[in-house]
Amino acid sequence: MTCPITYVMNKIGGHWKPIILYYLMSGPMRYSELKRAIPAITEKMLAQHLKQLREDNLIERVVEQEMPPITVYSLSKSGERMAPILLAMAEWAMKDTKLYLGFGMNTVWHELR
C-alpha cells in the first residue's frame, strides 16, 4: 500500500457506498429499508454496491430463514471502524453547507450522536 487514502477510496469510493454505510450505522437494515432510505439509488446500483461492500468485508449479509426469506445487511467489524470517518464527513458537510436542519440525513445524524 503506497497511500492510505487510496486504500480507503478503493473501499468506499464513489457516490453511494459511503451513504449506504452511513445508514447502516444506525443498525441492521433490510434491502427494502435501504432502498426507502436512499430513494435516488437505483435497484441495480444498490445491489451492486452491497455486493462490493460485502466483498470488501465492510458489511455482512444474513438471510433469515423465514417465509419468505428476509435478507438483512449490517456493518461488519471493519465497517464499524469506519463510523468515526463517516461521522466526521457528515459533520464537515453540515458545517460547510450550514444546513443544520433539513439536511437529507439529519435523522440518522441525530440518532448516532
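Bear in mind these aren't lab numbers, they're just calculated from the coordinates by the rules spelled out. Computed from a predicted model, the values in this text were never measured in an experiment. All Cβ positions, even for glycine, are placed from backbone atoms using ideal geometry, and neighbour counts span all protein chains on display.
Across the stretch 45-97, which residue is surrounded by the most Cβ atoms within 10 Å (Cβ to Cβ) among those that are of a type in the set (S, T, N, Q) and in contact with a Phe, Trp or Tyr (Cβ under 8 Å, 6 or more places away or on another chain)? Filtering first and then ranking leaves THR71. If only residues of the stretch 21-44 that are touching a Phe, Trp or Tyr at 6+ places or on another chain (Cβ under 8 Å) and of a type outside the set (D, E, K, R) are counted, the one that is farthest from ARG81 (Cα to Cα) is ILE41. When the criteria are applied in full, ARG36 fails the requirement of being within 18 Å of SER78 (Cβ to Cβ) and not hydrophobic (A, V, I, L, M, F, W, C). All conditions in (1) surrounded by fewer than 13 Cβ atoms within 10 Å (Cβ to Cβ); (2) assigned to a loop (DSSP other than H, G, I, E, B); (3) of a type in the set (A, V, I, L, M) hold for ILE41, with the sole exception of (1).
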